[in-house]
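Note sheet for the following structure.
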Amino acid sequence: MNHEQIFSINTGSTEPIYRQLMEQLRRRVASGQLSAGDEIPSVRELAQSLAVHPMTISKAYSLLESEGLLERRRGLAMRIAPQHRKAQSAASRIELLRPSLEQAAETARQLELSAAQALQLFEQILQELPDPQEGDAA
């Protein structure tokens, strides 16, 4: 899995870029797409590919290291820490999705959209996204 597939940033988001990166990495580990021992892109590589300042990447990595998700190895690439050997349960992964959906629901209410309209849009967006199961053949 290359870093373009691991990370994407939304520059229009109110959420800081370092937090977007942290959440994406947490989700990839929770789903089992990344697991113990998997190396992640270097700060320099990721900063170049996403066109963001290296300190932004470094901040995200350092915070994830302090919470135990990443492991720093002197002279080697950072990797997913050993305790993350398997994907979290479906219930745990659903709970990781809840905050994003709550925010989307609040936005839909403020825009006075019906639940049916919001759900239809969510389904459309899900269908437009590439299926992660289909493509590590790049």
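P(r) for segment 88-131, from all Cα pairs and a bin width of 10 Å, is 25, 46, 27, 2 %, short bins first.
Span-like helix criteria (full DSSP H runs; alpha carbon extent of at least 27 Å along the helix axis; mean Kyte-Doolittle hydropathy of at least -0.5) are satisfied in the chain by 90-110. With the convex hull drawn over the C-alpha atoms of the chain, the volume per residue is 133 Å³. Geometric descriptor of segment 33-80, per residue, is 76 Å³ (volume of the convex hull of the Cα atoms). Rg ratio for segment 3-84: its Cα radius of gyration over 2.2 N^0.38 Å, N being its residue count, equals 1.01.
The numbers here are math on the coordinates, done by the rules we state, and not lab data. Just so we're clear, the structure is a prediction, and the values are computed from it rather than from any experiment.
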